[in-house]
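The values are calculated or read from the model by the stated rules, or taken from the named source; none is laboratory data. None of these values were measured; they are calculated from a predicted model. Cβ atoms come from the backbone with ideal geometry, glycine included; neighbour counts cover every protein chain shown.
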Amino acid sequence: MPAFIAPPLESAINVGAVLSLTGSQAESGQMAKEGYLFCQDWINAKGGVTVNGVGHRLNIDIADDQSRPSIAAAVTEQLITQNHDTLLLGPSNDATAGRAAPVAEQHEVPMVSSGASSDAIFNNHYHYLFSVLTPLSRQFEGVIDMALAQNPKPQSLAIMFASDSLNQELATATADYAQAKGLSLVSGSRYTSGVNDLSSQLAGAAGSGADLLLEAGHASESVRTIQQAEQMKIQPKLLAFSDGPGTAQFTQELQAAANYSVGTTQWTPGTRNRTSYFIDSFHYSLAFADQFGHMPDQFAAAATAACLTLEVAIEQANSAQPRWVRDSLAIIDLNTFFGEIKFDDRGASAVKPVYVQQVQAGRAVLIWPPEVATARPRYPDPGWAKR
């Protein structure tokens with residue numbers, strides 16, 4: 001039989017994408033780029049973006065903001081006014097999204113971001129910004145819900161947090177949520193981002209007798225916390241981090257000490273979400289690895305999900321006109337491999353959870369929510385001697 005040849009596609013629908021491909025955020029930006037390219041290729045292979053019954057080739061016009069917010073604003077302006085891109089994807093992190101969003105708003109161009117999570121951005125109530133990420137303020141909700149589902153239930157928690165604005169925002173929201181759920185906040189301590197010595201913060205948490213110790217910080221600080229907690233023999237029932245557990249580097253650095261630590265993520269390849277469009281996480285991961293030579297991470301997956309969301313919004317609007325696409329995005333409800341995509345009146349992801357991972361026997365496994373988990377939580381932590 002002759003091979004199937006897809007019919008030629010009509011004129012392209014051009015979409016601009018603002019990404020941090022160089023600079024401090026380049027690692028996640030490069031992954032987001034691959035996530036967008038995977039989506040572009042998948043859409044075009046299936047016949048393009050359908051408008052009025054005609055398939056149009058999707059062309060993603062990618063620009064580098066160099067991980068610099070001021071350049072993100074300038075690049076967004078260029079994509080709109082010089083490249084004439086009237087639909088946008090990205091940016092790939094909060095700092096650049098915070099500067100790009102008002103530019104898109106000024107020009108009334110819809111922007112679907114794969115990297116905006118800060119409530120400080122969403123609380124501007126931009127009309128044209130949407131993000132597929134669960135808001136930062138909800139990042140630890142799953143950890144708290146998971147812990148409260150265990151027997152015996154924890155009664156108290158301590159929070160350590162880095163001094164940057166995002167982690168302070170997360171710490172405040174986490175404290176509010178935990179107390180609303182009936183937990184007592186018995187210790188809260190701030191440390192300078194990038195610090196090497198966290199012993200005083202750990203001693204304060206240990207002295208409070210907290211059942212749960214949550215750290216809102218960065219991956220390097222998570223590693224240092226584990227190392228110093230082990231040295232100081234500090235042992236809460238659960239150690240949880242906003243960044244670190246789930247990455248190969250975290251486990252490689254800590255070896256057995258990494259076991260039982262808990263982390264959060266927007267997505268993992270093992271996530272078993274119900275899908276109404278596209279492929280599931282397993283087949284997405286396989287196809288992505290076949291195309292790029294490595295597995296996708298949460299940044300690549302978020303980019304693919306953002307691109308798919310924009311495609312569906314165009315098709316549901318039956319138009320690539322910016323205002324029509326914007327209105328379609330505002331009411332979209334799509335079940336994807338990344339989770340349910342539905343936006344609140346701020347453009348933030350309204351229903352998707354943040355997933356919880358735990359390092360078990362040297363490997364990160366998904367433990368919460370139960371409906372997508374691949375393993376059960378191991379709680380309470382049995383202690384350093386049993387790792």
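Quick look at the numbers
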| item | result |
| --- | --- |
| Residue 213 vs. criteria free of Cβ contacts under 8 Å to residues at least 60 places away in the same chain, in a strand (DSSP E or B) and either hydrophobic (A, V, I, L, M, F, W, C) or more than 18 Å from residue 387 (Cβ to Cβ) (or both) | yes |
| Count of the stretch 269-296 residues which are over 20 Å from the mean Cα position of the chain (by Cα) and of a type in the set (Asp, Glu) | 1 |
| Residues that are touching a helix residue (DSSP H, G or I) at 6+ places or on another chain (Cβ under 6 Å) and among the hydroxyl-bearing types (Ser, Thr, Tyr), drawn from the stretch 277-331 | 304, 328 |
| Residue satisfying all of: in the stretch 244-283; out of contact with any strand residue (DSSP E or B) (no Cβ under 6 Å at 6 or more places or on another chain), under 18 Å from residue 295 (Cα atoms) and small (Gly, Ala, Ser); surrounded by the most Cβ atoms within 10 Å (Cβ to Cβ) among these | 281 |
| Lone unmet requirement of (1) among the acidic types (Asp, Glu); (2) closer than 19 Å to residue 331 by Cα; (3) touching a residue at least 60 places away in the same chain (Cβ under 8 Å) for residue 145 | (2) |
| Filter result (part of a helix (DSSP H, G or I) and buried (at least 24 other Cβ atoms within 10 Å of the Cβ)) within the stretch 122-143 | 122, 136, 143 |
| Failed criterion for residue 197 (all others in (1) surrounded by fewer than 17 Cβ atoms within 10 Å (Cβ to Cβ); (2) modelled with pLDDT of 95 or more; (3) acidic (Asp, Glu) hold) | (2) |
| Residue under evaluation residue 373, criteria (1) modelled with pLDDT under 95; (2) of a type outside the set (D, E, K, R); (3) surrounded by fewer than 18 Cβ atoms within 10 Å (Cβ to Cβ), criterion not met | (3) |
| Odd one out for residue 333 among (1) charged (D, E, K, R); (2) surrounded by 17 or more Cβ atoms within 10 Å (Cβ to Cβ); (3) more than 28 Å from residue 239 (Cβ to Cβ) | (2) |
